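Shown next, in structure tokens, is the structure this report addresses.
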Amino acid sequence: MNFASDNTARIAAPILAALERANCGPAPAYGNDPLTAALEQRFSALFEREVAVFLVATGTAANALALAHLSPPWGAVFCHERAHIATDECGAPEFFGDGLKLVGLPGQDGKLAPAALSAALASGRGPPHAVRPALLSLTQATECGTVYTLAEIAALTDIARRARMAVHMDGARFANAVAALGCSPADITWRAGVDVLAFGATKGGALGAEAIVFFDPERARDMDMRRMRAGQLLSKHRFAAAQFDAFLADDLWLDLARHANGAARRLAAGLTAAGLAPLWPVEANEVFVRVPSGLDARLKAAGALYYAWPEALDADSPARPDSSVIRLVSSFTTTDEEVDNFIQLIRMPG
Ligand SMILES: Cc1ncc(COP(=O)(O)O)c(C=O)c1O
């Protein structure tokens, strides 16, 4: 019963097999290998246009370097107040962005509210006193396990466009969002106004590979320098490319994400039936639920693994002394049995 994180999962077998296949003989280093060239073509086909792609080792690096590339040091990056870039990246966006400013905004269910964005844009003192609006950052799927619809993305990017801001998408769980929406990756990104996507494979089944995808290759100029300067250009790049290639081949990324999303839905249904309705709609692979302290202790004693979620202690879910909010994350490895055992534990008389 491991619901600690999708990062705790093993490497998906087809990705491991691709690494094994790539592990023969020498190949040019630093991304000059044939696998990387083929992967670039695959990305362009997937997004139905020519894109510029830069692989890095972590989602934090993908986000921080993408934001730094599209914002000046005096730029404001508007994001949800729970956004991973604002709460969990140890200041990496500000560090790589030479001091750019993250501005956290409210919004229900982990989704940035258009009215909050408009209000923030209207309230600035203007240059040179206030930082200049440079970027809107959206997380898809969100940190609350919800998914922005196409219309919601378009409404927000429209505001950004009118304010001459670029749009970044943190897609550490992009696969889960696309699987949930059943739309094309193009529709939910550049066709909806997104300029750069941090596309994660690690949580979805890779060993460690994330892609920074620019939908206008012109805007990626000198990104190769920025990535190298940040120490994120892998010398044995073919192995990063091999991971992503296998992830995208034959829609593996979507199959794995559908499995993870299905497990989260099963968890949510079981919890709801047991009288513990999730805090936010379960649309991807994360479930947040408030549990009484006694039950929390019993679940842990039985070996269930998950994290308490301190960030949920706010207006959406005010703190209570006798209970806590926990986060349950499913992955491509989560089994029905694991979910059912967990629910059975919950239903057992305390
Ligand atoms: C929404 C989101 N973005 C970015 C990241 C960063 O990924 P990494 O841990 O690979 O730096 C995470 C990881 O938990 C995440 O949940």
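FYI, it's all coordinate maths here, none of it is from the lab. All figures in this text were calculated on a predicted structure; none of them were measured in a lab. Every residue, glycine as well, gets a Cβ built from its backbone with ideal geometry; the counts of neighbours run over all protein chains shown.
Applying a length cut-off of 30 Å (Cα extent along the axis) and a mean Kyte-Doolittle floor of -0.5 to the DSSP H helices of the chain leaves 252-273. Per-residue packing, averaged as other Cβ atoms within 10 Å, sorts the ranges 241-252, 39-50 into the order 241-252, 39-50, beginning with the highest.
Under a point-charge model restricted to the Cβ atoms of Lys and Arg (+1) and Asp and Glu (-1), what is the dipole moment magnitude of the chain relative to its Cα centre, in debye to the nearest 20? Spell out each step's value before the answer.
On the way: 31 positive and 38 negative charges, 96 e Å.
I would put it at about 460 debye.
Projecting the Cα positions of 257, 100, 29 onto the charge dipole of the chain (unit charges on Cβ atoms of Lys, Arg, Asp and Glu, taken about the Cα centre) puts 100 furthest along the positive direction. As a proxy for reagent exposure, ranking 95, 174, 239 by other Cβ atoms within 10 Å from fewest up yields 95, 239, 174.
From least to most packed, judged by other beta carbons within 10 angstrom and beginning with the fewest, 346, 188 follow the order 346, 188. Comparing 208, 107, 25 in a Gaussian network model of the chain, where Cα atoms under 10 Å apart are tied by springs, the biggest mean-square fluctuation is seen for 25. Projected onto its three principal axes, the C-alpha set of region 144-196 covers 30, 19, 17 Å, listed from the longest axis down.
At what distance in nm do the modelled label points of residue 219 and residue 187 sit from each other, each positioned 7 Å from its Cα along Cα→Cβ? Label-label distance for residue 219 and residue 187, simple model: 2.2 nm. Rounded to the nearest 20, the size of the Cβ-charge dipole of region 250-350 about its Cα centre is 460 debye, with Lys and Arg at +1 and Asp and Glu at -1. Ignoring everything except DSSP H segments at least 4 long, calculate the 222 nm mean residue ellipticity for the chain; use -39,500 (n - 2.57) per segment, divide by total residues, nearest 500. The per-residue figure over the chain is -12000 deg cm²/dmol.
When DSSP beta bridges are restricted to pairs lying wholly in the chain, around 50% turn out antiparallel. When each of 58, 146 is scored by the number of other beta-carbon atoms lying within 10 Å, the sequence from fewest to most is 58, 146. Rounded to the nearest 5, the antiparallel percentage of DSSP beta bridges internal to region 37-148 is 0%. Size of the dipole of region 144-234 about the Cα centre, Lys and Arg at +1 and Asp and Glu at -1 on the beta carbon, nothing else charged, in debye to 20? Dipole size: approximately 180 debye. Note on the chain: with a GNM built from Cα contacts shorter than 10 Å, the maximum mean-square fluctuation among 231, 193, 91 falls on 231. Separation of region 327-345 from region 162-240 is 29 Å, based on Cα centroids. Build a GNM of the chain with springs between Cα atoms under 10 Å apart, and of 322, 340, 98 the one that fluctuates most is 322.
Whole-percent P(r), the chain, all Cα pairs, 10 Å bins from 0: 6, 25, 32, 24, 11, 2, 0.
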